[in-house]
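**Q** Questions regarding the structure given below will be posed in turn.
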Amino acid sequence: MAATEAAVVPSSSLETDTALVPETAGTPAATAATSPATAAAAAVAAAARTGPDARVSKAALATKLLSLSGVFAVHKPKGPTSAELLNRLKEKLLAEAGMPSPEWTKRKKQTLKIGHGGTLDSAARGVLVVGIGRGTKMLTGMLSGSKRYIAIGELGKATDTLDSTGKVTEEKPYDKITQEDIEGILQKFTGNIMQVPPLYSALKKDGQRLSTLMKRGEVVEAKPARPVTVYSLSLQKFQPPFFTLDVECGGGFYIRSLVSDIGKELSSCANVLELTRTKQGPFTLEEHALPEDKWTIDDIAQSLEHCSSLLPAELALKKSKPEESNEQVLSCEYITLSETKGEDDVIKTY
């Protein structure tokens, strides 16, 4: 990372740190292991990397970061929430560019907007679509597009969260359920159907998430069934008590509710053991989702360029002058957060 930063072309000056100096450069052990001429050359090179050139490289990276606009995808692992992952991404980019810094706090019109569209549960992994710069305005269009999942369900156990992270609320036998039984009911869950969202969700009541109210022990009524769309649904594997589904669906659809409903239809119960989003819109996990070691300014710039050709014309980012906004201002303390949608498919802008 340090070598990459030092090689960036000049811009204005910004403060930097000594992290650009390799740990071995200039140390007694390194000097002793080389000739005097080599050691001197290494010392000069190390000094240069901590001088004006290093500050110039940080300034160039900061400028490049603030110029990024569009939509791309990252690979969300199991564990963090979608919002936590976005914070991690934001922090890595700001750290690479040496921001925020005292100089940038004076530039009130310099803003960084970054958001995600289409929340993934903390226990789920896979494609998380991210918008940066003016690309955050494209996220609403991404929400209505199709999403694809591989879900592993477990028969015989129901939980309060409808997945393996919750408390077991019911157990029923499943030993008589066959592969043909499961395949025979999948048609009931395909097409335009009605679905009741889970109680543990990002849907809100009086401005608060249902999941938050549930964790407090408050009594929460289930939301009424709502129309959703399942484009395709197939059974990939059945090894009791586990079954694997391949699901392509529209926005607002809950895989946890689907698996739970399948268990009930089979006169048993079920919960989601593993969930992976393999595709959202044109972005696939294998081809487009950047792993964390690729969360760099240059890698994201390349991904934005590649992904722009995948978007339909109505979602393509139009060329225009960058907008000026005082809503999100870079500072040493924070970058403000606003939530622009109240449904489960939340767009978060940082």
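The values are calculated or read from the model by the stated rules, or taken from the named source; none is laboratory data. All values derive from a computational prediction rather than experimental measurement. We place every Cβ from the backbone using ideal geometry, glycine too, and count neighbours over all the protein chains shown. The area values use the complete protein model at the heavy-atom level, side chains included, leaving out ligands, DNA and RNA. Shrake-Rupley method; radii C 1.70, N 1.55, O 1.52, S 1.80 Å.
**Q** Could you please report the charge total around I185, scoring K, R as +1 and D, E as -1 over all other residues with beta-carbon less than 11 angstrom from its beta-carbon?
**A** Summing Lys and Arg as +1 and Asp and Glu as -1 gives -3.
**Q** Give me the accessible area per residue for the stretch 263-314, probe 1.4 Å, as a whole number in Å².
**A** It amounts to 47 Å² per residue over the stretch 263-314.
**Q** Now, a different point. Could you check the simple spin-label distance between S309 and V196, using points 7 Å along Cα→Cβ, in nm with one decimal?
**A** Placing both labels 7 Å along Cα→Cβ, they lie 4.8 nm apart.
**Q** Count the net charge of all other residues whose Cβ sits under 12 Å from the Cβ of V247, scoring Lys and Arg as +1 and Asp and Glu as -1.
**A** Here the charged neighbours net out to +3.
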